[in-house]
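Here is the structure we will look at.
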Amino acid sequence: MKKMVIGGIILIVALMAGTYFVAGDAFQSDDYINTLTMIGALAIIAITIFTVLKYVNQIKNDTASGELVDENWDGIGEYTNAIPSGWGIIFIGTIIWMFWYFFVGYPTNQFSQIGQYNEEVLENNAKFKSVWENPTDETLKAMGESVFLVQCAPCHGVDAEGINGKAQNLTHRMSKEQVLSVIQNGQQKLGYPMGAMPPMMAQGADAEAIATYIAGGMKGEAPVAFAACASCHGADGKGMNGMSPNIAEYDEKLVTKVLEHGKKGVIGTMPSFKGRLNPTQEKAVASFLTSIKAGE
Amino acid sequence: MQSNAQLEYDYSIVKAFTFATILFGIIGMLVGVILSFQLAFPELNNLAGEYGTFGRLRPLHTNGVAFGFTLSGIFATWYYVGQRTLKMSLNESKFLMTVAKLHFGLYFITILLAVVTFLMGFTTSKEYAELEWPLDLLVVVWWVLWGVAMFGMIGMRRERTIYVAIWYYMSSFLAIAMLYLFNNMEVPTFLWSGDAPSSLMHSVSMYAGSNDASVQWWYGHNAVAFVFTAPIIGMIYYFLPKESGQNIFSYKLSLLSFWGLMFVYLWAGGHHLLYSTVPDWMQTMGSTMSVVLILPSWGSAINMLLTMKGEWQQLQTSPLIKFMILASTFYMLSTIEGPIQAIKSVNAIAHFTDWIPGHVHDGVLGWVGFMTMASLFHMAPRMFKREIYSKSLMETQFWLQTVGIVFYFTSMWIAGITQGMMWRAYDEYGSLLYSFIDTVEVLHPYYTIRAVGGLFYLVGFFIFAYNIYKTATAGRVLDKEPANASPMAS
Amino acid sequence: MFHWLEQKPFFFAVVLFLTVAFAGFVTIVPDFAKQSQPTVGTKPYTVLELAGRQVYIKDSCNACHSQLIRPFKSETDRYGMYSLSGEYAYDRPFLWGSKRAGPDLMRVGNYRTTDWHENHMMNPSDVVPGTVMPKYPHQFTNMADLATAYANANTQKELFGVPYDTDGMPKLGSWAEAEAQAKEDAKLIASDMKNQSVKDAVANGQVPEIVALIAYLNSLK
Ligand code: HEM
Ligand code: HEM
Ligand SMILES: [Ca+2]
Ligand SMILES: [Ca+2]
Ligand SMILES: [Cu+2]
């Protein structure tokens, strides 16, 4: 019996330690749900083992006895023994608890899961208020990366390179193909003050030259035809202080515009993230994205 | 009561259902093992085109083991326990014999059709009620046939008082009849197809959205109650005292556990809908009633353990007793695990994770599987009139499967809790710490351990099937029916 | 003791049945009508979306994916606004699922797009390395069952009063009209796709399963 009890304790400890060890990174002790779950898990295994051991002890050391009922079914008899009192008491106890819970503890006309949710959100916001109010550049970049990995990486890839052309490669502004397509078709989606980008601003060899120039990062001499673009995007391509998109590099404005409006282009469609991120998080992704370009 | 020393029980139906139990057990568990390997090694999804993907196979597993394996076991033991504790033989009534044969035949065809239709993608998507409407109709027919057989047999009984085991089989029949009908209310769409050439198989649920969910989990939870719990308790109430030669510890405990279980179970279905869009009060009801449910559940298990008072040596020497005692233990484990997972705050983590399949398999492998196999082991020498072929194979099977369950349950326990906590984790900036795929990748080792555990259990089941086959064909012939302990060659 | 009841098995059965039967009615019936009210703005599925939903059910995506966002901050941050009962008013059957081997899809239409689904369904691990989701190439060659989807919608309209063909709601009309409309809708989806054989099929008036499925996934908002 002693051996069994020790074995039981070892099993309980091993299981709990294993769980704690593996879930460790995710275990946050200020989340009471986590704590309650761990307690629940412990209760499951501990109560089962000790109750069963109690009865195993009786199997080993007790003897069966009692008065038999009159009936006998295919050789099976039944004692009229009283119910185990512990079992009976706990049964009644849980019934009382149930009524208490339902009518006194959490009366259902007063408890609401949505109310609970609202509280959770308030608490959470309060907790991170200081981080969100005056984030340093470092904080923004780190926050941006974590948001990116959860929200954006499924399309852009964890390295932001666009998963073999399945979405925008965010370490590089635009490809020649993309620029050509915009030149040919125009574009109107991002909601810049300048409004729409008209189609056919350049053609043939001019368009080729412009596209090569922009895709190459606008280095060296601008092709003559670029003048047509400069009227809106500025000679440096930086979008004239936010009047039109910066086509030279990623900037915060572009990222927030894309997040707000989504974007449809030659590669595919990027959904709008309007309302899914809070303003600090949007700033943070922008800051992260502009930083990875810089590190190229 | 007249003496019935001469009563010859008729085991032909029992044998047929025994065969079905083994056949569907193999199919169902083989698919379960494939599923668990697919989650560990996803390339395995595409070995058989669209027919081998996880989604197509999953209903095949759940239905195969619940309605193939478990129900066959229930029917096999019903026709055995029923005849013996009611003291009547099926061959006393041509009518009942015909009904029972039809019951088996239609049942068997239905399960085979289920396999085919699931592979083809005919499913209504509601868990444990996936069968499309034509098969539902078949189910209703043989369920009614079972009821006719059951009440017919009870009507012919020579034992005035019906035994506890029978109460549980009756509850299964009555409750499932009601649950199945209400949850499968669906309209074949070809009836209102306009002139569109609609599929004949397709149907649409009579309930929508949250209502559909409420009905479904009222059903789903109680399908567990009246397929995986009540009839299995019925089995242990017969086979444990019979095999061990002990008297049931307490009639009063049987009585309170039975009526307690019957009353409380039906209120607890709300624990599948915690934090969903059904009303708060319904959820609270499900949650609290689940906790109350521990006691009537444990009552039966305790009654069984106490029945074995003073019989430690039987537990050491008989693998059959071992199966049954460990089954009670796993039953206790899953009936306290369930209620604790039903506490709202715990369910916030447990729901949607692998901890739930973990909980499920504590019950189904440890309790349903062990009890079903133990019952067949006990019946085999009586119906084939031969000694069990090999005790050492039984021992091997016992340890292999026990280790398999421990692998299953520890890995899914850890996997589920880890995953649940990762979904909720925030970093120091107030954004989610893990992307979804992080929480998938972390599970890989646990999925692998589970798959290996499942494989152990399956191999054990093959050993079981072989042992029963050998018993039926090559076991030493017995000249007299054993009273209690089943004879087995070592 | 109670043996008197156990000696009257048919009466026993009646008592037993009543014991198990009434709980269901007490818990399910009171809020039944309330729960079937749609939220403002919720619309029934179009025929193409329904055909996609049937594909979703046929391949049991619900085995791995839930469609129920619980009111926890960690879920609303990941998936969007928590679910409301009325949003499911036209879901027959409901598809909440009970296990998340993959993420929730209740509002996946808000943050994934046609081209992404196209890539992902063809080979998920191309897009998300480490995923356990199966490939579904057969959805690019199997054709969606529009006729059954129409019958499905029509049954809901005629039998359950789902408001097709009313103001601001999807139009159903006759089978011929509905089929034509679904094929139009399919063209819109296909125009955002890259797979040439799918595009050709749609141009030829066929609707591969993948097109219907994407229409359905995009409708989840
Ligand atoms: C006191 C008894 C029990 C209670 C209160 C209970 C409670 C629960 C809870 C809370 C869940 C999880 C719901 C979720 O969050 O998704 C669950 C799932 C499940 N339980 Fe139990 N459980 C009990 C006993 C058992 C037993 C003995 C078995 C089988 C032998 C079993 C089989 C299942 C199954 C199959 C599911 C999965 C349902 C699904 O598909 O989602 N339960 N149970
Ligand atoms: C060889 C042994 C078995 C293995 C390896 C196995 C494996 C599995 C797997 C992988 C799943 C899917 C879990 C998921 O979706 O994540 C599953 C589900 C399930 N299995 Fe098994 N299984 C086995 C035996 C059984 C038996 C004997 C039964 C019943 C008597 C059973 C009943 C179920 C049920 C009810 C579910 C659905 C659980 C849920 O929805 O939460 N399994 N099984
Ligand atoms: Ca059905
Ligand atoms: Ca499930
Ligand atoms: Cu349940």
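The values are calculated or read from the model by the stated rules, or taken from the named source; none is laboratory data. Keep in mind it's a predicted model, so treat the numbers as computed, not measured. Every residue, glycine as well, gets a Cβ built from its backbone with ideal geometry; the counts of neighbours run over all protein chains shown. Side chains included, ligands, DNA and RNA excluded: accessible areas come from the protein's heavy atoms. Shrake-Rupley method; radii C 1.70, N 1.55, O 1.52, S 1.80 Å.
Helix B:209-223 and the longest principal axis of the C-alpha atoms of chain B enclose an angle of approximately 30°. With both labels modelled 7 Å from their Cα along Cα-to-Cβ, the residue A:32 to residue A:119 distance reads 0.7 nm. A Förster radius of 35 Å, combined with the Cβ-Cβ distance separating residue B:109 from residue B:48, puts the computed FRET efficiency at roughly 0.90. Of all stretches in chain B that contain no GluC sites (Glu not before Pro) in a DSSP loop with at most 14 other Cβ atoms within 10 Å, the longest one is B:9-427. A prolate overall shape is assigned to chain A, the ratio a/c of its alpha-carbon gyration tensor axes (a ≥ b ≥ c) being 1.5 or greater and a/b exceeding b/c. Within chain A, the selection of entire DSSP H helices by a Cα span of 20 Å or greater along the long axis and an average Kyte-Doolittle value of at least 0.5 returns A:2-23, A:32-61, A:85-100. Among the helices of chain C, those built from whole DSSP H runs whose Cα atoms reach 18 Å or more along their own axis and whose mean Kyte-Doolittle hydropathy is at least -0.5 are C:9-28, C:146-160, C:175-191. The mean number of partner chain beta-carbon atoms within 10 angstrom of a residue's beta-carbon across peptide B:325-333 is 3. Axis of helix B:164-183 versus longest Cα principal axis of chain B: the two differ by about 40°, to the nearest ten degrees. Peptides B:228-235, B:200-207, ordered by how many other C-beta atoms sit within 10 Å of their residues on average, highest first, read B:228-235, B:200-207. Placing R0 at 41 angstrom, the Cβ-Cβ distance between residue A:3 and residue A:97 gives a FRET efficiency of 0.70 after rounding to 0.05.
Which entries of A:274/C:73; A:129/C:221; C:43/C:157; B:87/B:480; B:15/B:242 have Cα-Cα distances beyond 21 Å here?
A:129/C:221
Here the label points at residue A:112 and residue A:21, each 7 Å from Cα along the C-beta direction, are separated by 4.6 nm in the simple model.
Going highest first, how would you order C:203-211, C:143-151 by mean Cβ packing within 10 Å?
Packing proxy ranking, top to bottom: C:143-151, C:203-211.
When only alpha carbons are used to place a centre, the range C:75-127 and the range B:239-258 end up 50 Å from one another. Roughly to the nearest percent, how much of the accessible area of the range C:47-219 is carbon and sulfur, given a 1.4 Å probe? About 53 percent, which is the carbon plus sulfur part of the accessible surface. Think of a 1.4 Å ball rolled over the protein heavy atoms: the range C:47-219 then has 31 Å² of accessible area per residue. Measuring with a 1.4 angstrom probe and ignoring ligands and nucleic acids, residue B:212 comes out at about 0 Å² accessible. From the alpha carbon centroid of the range A:33-81 to that of the range B:84-161 is 34 Å. How would the range A:2-103 be classified by its alpha-carbon gyration tensor: rounded, prolate or oblate, with rounded meaning a/c under 1.5 and the a/b versus b/c comparison settling the rest? Oblate, since a/c reaches 1.5 and b/c is not below a/b. Buried area at the B:A interface is about 7100 square angstrom, summed over both chains, from accessible surfaces computed with a 1.4 angstrom probe. Shown for the range B:1-161: the carbon plus sulfur share of the solvent-accessible area, taken with all protein chains present and a 1.4 angstrom probe, equals 71%. What the Cβ-Cβ distance of residue A:69 and residue C:123 gives, at R0 = 51 Å and to the nearest 0.05, is a FRET efficiency of 0.15.
Relative to the longest principal axis of the Cα atoms of chain B, helix B:133-155 runs at roughly 30 degrees. Each stretch of four or more DSSP H residues adds -39500 (n - 2.57); spread over every residue of chain B, this sum gives -22500 deg cm²/dmol at 222 nm. Summed over the residues of the range B:1-161 and divided among them, the accessible surface reaches 35 Å² per residue at a probe radius of 1.4 Å. Shown here for the range A:181-255: trypsin sites (Lys or Arg not before Pro) in loop regions (DSSP other than H, G, I, E, B) with at most 14 other Cβ atoms within 10 Å, namely A:219.
Solvent exposure of the range A:2-103 amounts to 55 Å² per residue of accessible area, where only protein heavy atoms count and the probe is 1.4 Å.
Chain B contacts chain C over a buried accessible area of about 8100 Å², both sides summed; the probe is 1.4 Å and only protein chains count. Other protein chain C-beta atoms within 10 Å of residue C-beta, averaged over A:169-176: 0. Along the axis of the charge dipole computed for the protein assembly as shown (Cβ charges of +1 for Lys and Arg, -1 for Asp and Glu, origin at the Cα centre), the listed residues B:199, B:489, A:284 are led at the positive end by B:489.
Find how many whole Å separate the alpha carbon centroid of the range C:16-40 from the alpha carbon centroid of the range B:12-71. Each part's Cα centre sits 34 Å from the other's. Among the listed pairs A:166/C:135; A:189/C:183; A:166/C:194; A:166/A:264; A:3/A:54; A:54/B:252, a Cα-Cα separation exceeding 19 Å is found for A:189/C:183; A:54/B:252.
Let me know the shape class of the range C:74-172, please: from the alpha-carbon gyration tensor, a ≥ b ≥ c as square roots of the eigenvalues, rounded when a/c is under 1.5, otherwise prolate if a/b is greater than b/c, or oblate. Since a/c reaches 1.5 but b/c is at least a/b, the shape of the range C:74-172 is classed as oblate. Within the accessible surface of the range A:2-103, defined with a 1.4 Å probe on protein heavy atoms only, the carbon and sulfur portion equals 69 percent.
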